[in-house]
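The values are calculated or read from the model by the stated rules, or taken from the named source; none is laboratory data. Keep in mind that this is a model prediction, so the values were computed, not measured. We place every Cβ from the backbone using ideal geometry, glycine too, and count neighbours over all the protein chains shown.
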There are 2 protein chains.
Amino acid sequence: MASTARRPSRVAKLPPRERILDAAEELFQSEGIRRVGVQAIAERAETTKMAIYRHFETKDALVTEWLRIVAADYQAAFDRVEAEYPGRPREQILGLARFIAEGLPAISHRGCPFINSIAELPDRSHPARQVIEKHKAHQTRRLVGMCTEAGLPDPEQVAAEITFALEGAQVSTQNGSIDQAGARLMRIIEGIIDRHRSPLDASRATTD
Amino acid sequence: MASTARRPSRVAKLPPRERILDAAEELFQSEGIRRVGVQAIAERAETTKMAIYRHFETKDALVTEWLRIVAADYQAAFDRVEAEYPGRPREQILGLARFIAEGLPAISHRGCPFINSIAELPDRSHPARQVIEKHKAHQTRRLVGMCTEAGLPDPEQVAAEITFALEGAQVSTQNGSIDQAGARLMRIIEGIIDRHRSPLDASRATTD
DNA sequence: TCCGCACGATACCGATGGGTATCGTTAGGC
DNA sequence: GCCTAACGATACCCATCGGTATCGTGCGGA
């Protein structure tokens, strides 16, 4: 529950549960869910398998909790961007895109945790899948809200376009050139917004 | 090795190698690579594990061969669309997008084989990963070529935008509404092309 | 001081999975 | 009509992995 600071630094000895979640985050992100055994997580967390099973019922529960935290981080980005640009939905959307774009190098060769996890969890009834679906629905709702507030016609279409672009960027970055991906993504988002904003006045510049 | 005239005794089933590849395709696509054991593939192919290892050195080799086939299918779509609309790159791109859009329902709850496989194969030196990377590079090259031929300024940017949209659509469809995804994707692609086609002349119709 | 309890370490269990060895059988080519 | 080779089936080897049981240990609170 304690969604405290998610810092990859496990230098200082945090309580076991935090260390376990940190280790799981690093390993799941870099290696994938199924490739990482509980034993490996325990070693990285400088604890033992037993300690993990004292805090989490099963490995699946640990996976689910990890994705819950990642989802909370994303939603925090939404909150931050809304607080930073109150009443300016266009800047909010661009801020969100920037958040993703700036995160691209970090995940470069290993993509979005949600996308990867879905690939590894084909069972839709898996609790982790439900976390992902709920998060995606939440994200879509907020994005549509921003587009509506921006006065864009057909906000659902715009939100869908933005979502496609954001997720496509994260996927494509896994095996392409990372250097330009962020800049390209920003231009795409700007283009989407401006195209919908003024369909009869497309002469406005799309470059930043 | 090259004797394709094997005569099955009882049923008119395909030669073992074909059956194995068919079974692998179905299972890998629906369940994922790591979740599917060689034994399961053998049962689905109505053969045995040994037969599989007679035709493929390892499971990884089978995975690689499967992805090679999928890549060939995609490239066939490129060929088809180029043959169908010779000298009309805009229609070629839209035809390609339609190919993806129409394929969305089929992969609905289980996404693109490449994206999923990358998630399951974090090792970039894996031969299957190299197949994927080569395919993506090839696809990008052809897409950039189409954009160049269409006289679009900054064809790399357009190709990147299209790629993001196509892959994003396939990812987002996994856990969202499939019904509108195809139509939304087509509108996105049209919007991308037309926005770049004539930034100073946006009065032309965007619908086909 | 002593009790409780979370923690650490190790050994273990059952299941699964990749890969191999070996058997008999069958089909096709000369 | 034989000889080679691919095929089918079974049993097996070994590693890994999720999960459990059982030890011991240190530490804080009443």
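Quick notes on this one:
- Residue among B:Glu149, B:Glu190 that alone is closer than 22 Å to A:Glu190 by Cα and not hydrophobic (A, V, I, L, M, F, W, C): B:Glu190
For (1) closer than 18 Å to B:Asp79 by Cβ; (2) without any contact (Cβ under 8 Å) to a residue 60 or more places away in the chain; (3) in a helix (DSSP H, G or I), each residue gets a yes or a no:
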position: B:Lys136; (1), (2), (3): yes, yes, yes
position: B:Glu167; (1), (2), (3): no, yes, yes
position: B:Thr173; (1), (2), (3): no, no, yes
position: B:Arg184; (1), (2), (3): no, yes, yes
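- For the range B:67-91, the set of residues classified as assigned to a helix (DSSP H, G or I) and among the charged types (D, E, K, R) consists of B:Arg68, B:Asp73, B:Asp79, B:Arg80, B:Glu82, B:Glu84, B:Arg90, B:Glu91, listed by residue number.
- Inter-residue pairs, beta-carbon under 7 Å, first within 14 Å of chain B (Cβ to nearest Cβ) and within 16 Å of DNA strand D (Cβ to nearest atom) and in the range A:11-30, second assigned to a loop (DSSP other than H, G, I, E, B) and at pLDDT 95 or above, 6+ apart: A:Leu27/A:Val36; A:Phe28/A:Val36
- The range A:40-51, subset part of a helix (DSSP H, G or I), of a type outside the set (Gly, Ala, Ser) and within 11 Å of A:Ala23 (Cα to Cα), residue farthest from DNA strand D (Cβ to nearest atom): A:Arg44
- Only a single criterion out of (1) at pLDDT below 95; (2) within 19 Å of B:Ile193 (Cβ to Cβ); (3) more than 8 Å from chain B (Cβ to nearest Cβ) is not satisfied by A:Gly151, namely (2).
- In the set B:Leu166, B:Leu96, B:Leu104, only one residue is within 12 Å of chain A (Cβ to nearest Cβ) and at pLDDT 95 or above; that residue is B:Leu166.
- Residues of the range A:76-97 satisfying the condition of being farther than 17 Å from A:Ala165 by Cβ and of a type in the set (A, V, I, L, M, F, W, C): A:Ala76, A:Ala83
- Flag if A:Ala40 is surrounded by fewer than 16 Cβ atoms within 10 Å (Cβ to Cβ), hydrophobic (A, V, I, L, M, F, W, C) and more than 10 Å from DNA strand C (Cβ to nearest atom): yes
- Within this structure, A:Ser177 fails the test of being without any contact (Cβ under 8 Å) to a residue 12 or more places away in the chain and either assigned to a helix (DSSP H, G or I) or facing another protein chain (nearest Cβ under 8 Å) (or both).
- Residue within the range A:70-85 that is modelled with pLDDT of 95 or more and within 14 Å of chain B (Cβ to nearest Cβ) present: yes
- Filtered residues of the range A:109-130 (kept if within 11 Å of another protein chain (Cβ to nearest Cβ) and in contact (Cβ under 8 Å) with a residue 60 or more places away in the chain): A:His109, A:Arg110, A:Gly111, A:Pro113, A:Asn116, A:Ser117, A:Glu120, A:Leu121
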